[in-house]
Amino acid sequence: MTADLALIWPELILTIGGLITLMLGTFMGDRQVGLYQLSALLTLAAAAASVVALFGIETTVFSGTLSVDSFGGFAKLLIYAASFICIIIAPRFFNGGMRAEYPVLILFAALGMGIMASSRDLMTLYVGLELNSLAAYVLASFMRTDERSTEAGLKYFVLGALASGMLLYGISLLYGFTGTTDFAGIAKVMGGELNIGLIFGIVFVLAGLGFKISAVPFHMWTPDVYEGAPTPVTTFFASAPKVAAMALMTRVVIDAMGPAVGAWQQIIIFLALASIILGAVGAIGQKNIKRLLAYSSINNVGFMLVGLAAGTQQGVEGVLTYLLVYVVTTLGAFLVVLQLRDADGNQIESIPALAGLSQRRPGLAAAMAVFLFSLAGIPPLFGFWPKYLVFEAAVNANLVPLAVAGIVASVIGAFYYIAIIKTMYFDDKSDTEIPAGGGAIVEDAVITASALWLSVIGYLFIPVLAVVSASAAAVLF
Amino acid sequence: MSGFPILPLMLAVPAVAAIACLFVGDKMARWVALGATLVTFVLGCVMWAQFDIGGPQWQFTERADLFGRFSWALGIDGMALMLIMLSVFLMPLCILASWDAIKQRVGLYMAMFLIMETIMIGVFCAQDLLLFYIFFEAGLIPMYFIIGIWGGANRKYAAYKFFLYTLLGSVLMLVAMIAMIAEAGTTDIPTLLNYDFPVEMQTWLWLAFFASLAVKMPMWPVHTWLPDAHVQAPTAGSMILAGVLLKLGAYGFIRFMMPMFPDASAQLMWIVFGLSMIAVVYTSLVALAQSDMKKLIAYSSVAHMAIVTAGLFAFNQQGIEGALIIMLSHGVVSAALFFCVGVIYDRLHTREIDRYGGLAVNMPAYALFFMLFTMASIGLPGTSGFVGEFLSLAGIYEASSWVAFVCTTGIILGAAYMLYLYRRVVFGELTKDDVKAMPDLNAREWTIMVPLAAVALWMGVYPESFLAPMRGDVTTVVARLAPAKPAGDAHLAAGKPKAAKAHGETAHGSSHAGGVQ
């Protein structure tokens, strides 16, 4: 037991660091933004360092309920990095309204997500998921005086609770029909005859998880929550929890349900195609950039599920690479949205107001164009590469019709991405002034770095990415 | 031939200049772009001079395993050499053509053209399937901006249509490429060229490639993006679109589809012939009815490209060589014709044919050049068009006399619409006052016209300069296709040639002998 504690340093650091930050906020007051922000950032950095230090260890702790492996490590690094950025960008957005709860909630959410990514048992899975969700509900309604923000929080909570209920129901069915909550134990039973109860369990668990990754038809909350939540929180929702939920889904599907391919594969294929198509079609006609990015995230989750549907190690490698590139692109895109302020400092979210952005802020428009083309998967931008990997996995797993359908639907997605580029580059300047934002060197640096990485430079990282994602994916097989 | 990395240098010069253009003023951007394209052109000439005709198939090869799953592999054969030469030759002229016409966001414009040049060189010299695909698709982005920002009134619609049409085709090709890589286990193009895919798999792969390349080409009935894109694009955009981008489709046919899927190519030849025949006649008739000059030339491009596809699928030496010469010739001539339209558009700001008339009186030099390019487009002997059309029709005739018959009517119709255009614009009474006020060519326009005219005549009088580097590659493709080749209906019998004179055995004669089975 005590020996196990030495293997969960990331979780311990996050717990203690989160509590310290909470105390700092309580006793030093909300004014000390720099102090509690620093404490939160240091905590995340330390947690990330401990993940790196533990890399290469493949074992399970606490009687097999939690695993320590490079798959979880890969996901955690991404989650911590995304949380890190989301904490950095917050004070400027809240503009004096920043409170210590924000970094604390993000730390606890990150803790929950870390547990999600490394759970090997239905109980730890649920604990991690709820820890993350509860923090997320509060974050969504963080601007308590703003009607849209509170509405987003409430909506997220109600639908999230419903999804948790479905998940729990599925978990209880799986437990009832297999007699265990351990992934390996469930997999053993799945290898035999499947009865109707197990199939129901699979369906309900996947439905509950589908809500967390916002796959169609469980995506309804996404546009509303993304639009209503404060932009740094939306940035957070679009990045870190996607990684955690996707990693969790992969683990459940491959580890626990692996032998019952026939039962889950068609569900994943349906989720994938529905998400790609609806995510693309729903985005057309959106006038709010945050709503549009919400649909874009639904669309991208669909592509990740294509890799998962293959159910092979190659597919999981594709999913992991996809997650990394997706997180970088999404963070970059939302950071650009954060910089869009009119002369009075109000956030601009309407797409028509972006008309002529390329003439007002050429650098910002160019970065946004890179992110959008990358999300659309147009080479030579790096967003092409993960799409290629997941489709390759699907073709190699004899899912050619899925690959063809997905790739053709990606053209529909390209339409709305290039529509924003049209607004920024082809349209005449709008009346809205968008003056250069002063001071946020970090934001500019992150935007520049991610845009450069997503342009051709990313391709040079493929050999490294291939090794890392292969070693992470190999854990599950 | 030495270790000097000339291809990476040709890719790097425009790319670096493109970045520089974004950060300098308008005036400077023009000069940077012109300088960079000229340097690239000189590098291209050096490469041509160093190219060893009859030497190894792939020359100037570079290889670095930078990307793990695929590699940075470059190299050219004769066909790629010629198409790269076409690109680097047209580029400085495009920059000059937009010298005064583009006044807004000049830096971005020049950067887009330079990126375009890098991409085009990259497409033709990529020796790795994925690298090729990346370059192939990347071309969409700068062209989207060029049409969308600096185009005409309906530019946004045209830009969308161009982007989505070509993207939809290309993604199917990507699936086919994934399947090919899985089957053959390599992304190396020279290896794949000699890999025998299972016959039933070839059919699917062929269809997927065809979906992509037919749109790029463009073939009837997926050509409809082209007239829109051409009409709305700025002059230089049309020049590069017609000059080089349309050649990507045909290049893909001869580089990938024919040698990689010979059996499927033979089985599905009828699709290509059928669509080509329809395209030649239909688009020529449509061209005849146009009142917009750019649209007319755009439709004529579709007709010319249809002869290229028919020539390629004749599966014999003349047909393929002829198709390649039409590609080069059309690259030069259609770019020149679009520039001719651009010259008068800059003066009167309309492309309506009826708004002009009688230009021969006040713009004699312009009328002369326009005449030359019109004749080259029609295929008058002595111009580049004749060589390509004659060779390819001779090749098509061997494969199928009916296809040759229909394609020839297209050439007659081609003469009709081009001469009709020329008559309406240049001849007739000079009655309109604003047309009377139009000055003749200025020094800059002369600088653009003269090289284009010189090359069109050079290709017409001594095509051997252009055919020689490609002959070996065409022979390789023909040999690869030979086992699958269906019997033609021409039943040619070898004649009894008299003893050849010392210099009498021309290029065409020898290739003719090679083509007869």
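How big is the protein assembly as shown in terms of Cα radius of gyration and Dmax, in angstroms?
Rg, Dmax (Cα atoms, Å): 31.0, 108.
How much of the calculated P(r) for region B:424-496 lies past 15 Å, in percent of all Cα pairs?
Looking at region B:424-496, the distances longer than 15 Å represent 78 percent of pairs.
Give the whole-number value, in cubic angstrom per residue, of the convex hull volume spanned by the C-alpha atoms of region A:258-380.
Enclosed volume per residue, from the Cα hull, is 106 Å³.
Say the cut-off is 29 Å between C-alpha atoms; which of A:K387/B:K156; A:K76/A:K287; A:K422/B:K432; A:K155/A:K242 go over it?
Table pairs above 29 Å Cα-Cα are A:K76/A:K287; A:K422/B:K432.
Suppose every Lys and Arg Cβ carries +1 and every Asp and Glu Cβ carries -1, with no other charges. What dipole size does region A:261-477 come out with about its Cα centre, to the nearest 20 debye?
Once rounded to the nearest 20, the dipole reads 240 debye.
Return P(r) of region B:151-193 (all Cα-Cα pairs; 5 Å bins starting at 0; whole %; ordered from short to long distances).
5, 19, 17, 14, 11, 10, 9, 8, 5, 1
What whole-number value in cubic angstrom gives the convex hull volume per residue for the C-alpha atoms of region B:1-126?
It comes to 102 Å³ per residue, whole-number rounded.
Report, in debye and to the nearest 20, how large the dipole of the protein assembly as shown comes out about its Cα centre when Lys and Arg carry +1 and Asp and Glu carry -1 on their Cβ.
The calculated dipole for the protein assembly as shown is roughly 1300 debye.
Using a basic spin-label model with each label point 7 Å from the Cα along Cα→Cβ, how many nm lie between A:V261 and A:Q359?
My value for the distance between the label points is 5.7 nm.
Along the positive direction of the dipole of region A:261-477 (beta-carbon charges: Lys, Arg +1; Asp, Glu -1; about the Cα centre), which of A:L381, A:L271, A:Q347 reaches farthest?
Most positive-ward Cα: A:L271.
What list do you get for B:Y195, A:Y459, A:Y175 if you sort them by fewest beta carbons within 10 Å?
B:Y195, A:Y175, A:Y459
Quick one: Karplus J couplings for region B:12-20, per residue in order, coefficients 6.51, -1.76, 1.60, θ = phi - 60°, nearest Hz, x for Gly and Pro?
After applying 6.51 cos²θ - 1.76 cosθ + 1.60, I find 6, 4, x, 5, 5, 4, 4, 5, 4 Hz.
Grab the Cα-Cα distance for A:I284 and A:L154, subtract it from 0.36 nm times how many residues apart they are, and report the gain in nm with one decimal.
My answer for the length gained is 44.2 nm.
Can you classify region B:106-163 as rounded, prolate or oblate using the Cα gyration tensor, where a ≥ b ≥ c are the square roots of its eigenvalues, rounded means a/c under 1.5, and otherwise it's prolate if a/b beats b/c and oblate if not?
oblate
Output the peptides A:5-16, B:306-317 sorted from most to least packed, where packing is the average of other Cβ atoms within 10 Å over each peptide's residues.
B:306-317, A:5-16
Around A:A90, what is the net charge, scoring Lys/Arg as +1 and Asp/Glu as -1 over all other residues with Cβ under 13 Å from its Cβ?
Overall, the nearby charge balance is -1.
Ranking B:I344, A:I298, B:I121 by Cβ neighbours within 10 Å, fewest first, what do you get?
By the 10 Å Cβ count, ascending: B:I344, A:I298, B:I121.
Can you give the Rg/Rh ratio of chain B, where Rg is from the C-alpha atoms and Rh is the Kirkwood radius?
That ratio equals 0.95.
When every alpha-carbon pair in region B:8-50 is counted, what percent end up more than 12 Å apart?
Taking all Cα-Cα pairs of region B:8-50, the fraction more than 12 Å apart is 57 percent.
Run lengths n ≥ 4 of DSSP H only: what is the helix-derived mean residue ellipticity at 222 nm for chain B, with -39500 (n - 2.57) per run over all residues, to the nearest 500?
-23500 deg cm²/dmol
How large are Rg and Dmax for region A:261-477 when calculated on the C-alpha trace, in angstrom?
18.0, 57
Tell me the mean residue ellipticity at 222 nm calculated for chain A from its helices only (DSSP H runs of n ≥ 4, each -39500 (n - 2.57), averaged over every residue, nearest 500).
Value at 222 nm, helices only, nearest 500: -24500 deg cm²/dmol.
With only alpha-carbon atoms counted, please give the Rg and Dmax of chain A, in Å.
For chain A, the Cα radius of gyration and maximum Cα-Cα distance read 21.2, 66 Å.
Once phi is turned into ³J(HN,Hα) by the Karplus curve 6.51 cos²θ - 1.76 cosθ + 1.60 with θ = phi - 60°, what whole-Hz value does each residue of region B:211-227 show in order, with x for glycine and proline?
Result, rounded to whole Hz: 4, 6, 6, 5, 6, 5, 4, x, 9, 5, x, 9, 8, 5, 6, 5, x.
Lys and Arg at +1, Asp and Glu at -1: add these up for the other residues within a Cβ distance under 13 Å of A:Q359 and post the number.
+1
How charged is the neighbourhood of A:T423? Take every other residue with its Cβ under 12 Å from the Cβ of A:T423, and add Lys/Arg as +1 and Asp/Glu as -1.
+2
Using the Karplus curve 6.51 cos²θ - 1.76 cosθ + 1.60 with θ = phi - 60°, work out ³J(HN,Hα) for each residue of region B:57-73 in order, rounded to whole Hz, and write x for Gly and Pro.
4, 9, 10, 6, 6, 9, 8, 8, 7, 7, 10, x, 6, 9, 10, 7, 10
Which FRET efficiency value, to the nearest 0.05, is calculated for A:L35 and A:A3 with the Förster distance at 41 angstrom and r the Cβ-Cβ distance?
After rounding to 0.05, the efficiency reads 0.70.
Cut-off under 16 Å on the C-alpha distance; same-chain residues fewer than 8 positions from B:K161 excluded. Which aspartates and glutamates are left, in chain and number order?
Cα-Cα hits under 16 Å: B:E137, B:D228.
Quick note: the coordinates plus some simple rules give every number you see, no bench work behind them. The shown structure was predicted, so the numbers you read here are calculated from the model rather than taken from an experiment. Cβ atoms come from the backbone with ideal geometry, glycine included; neighbour counts cover every protein chain shown.
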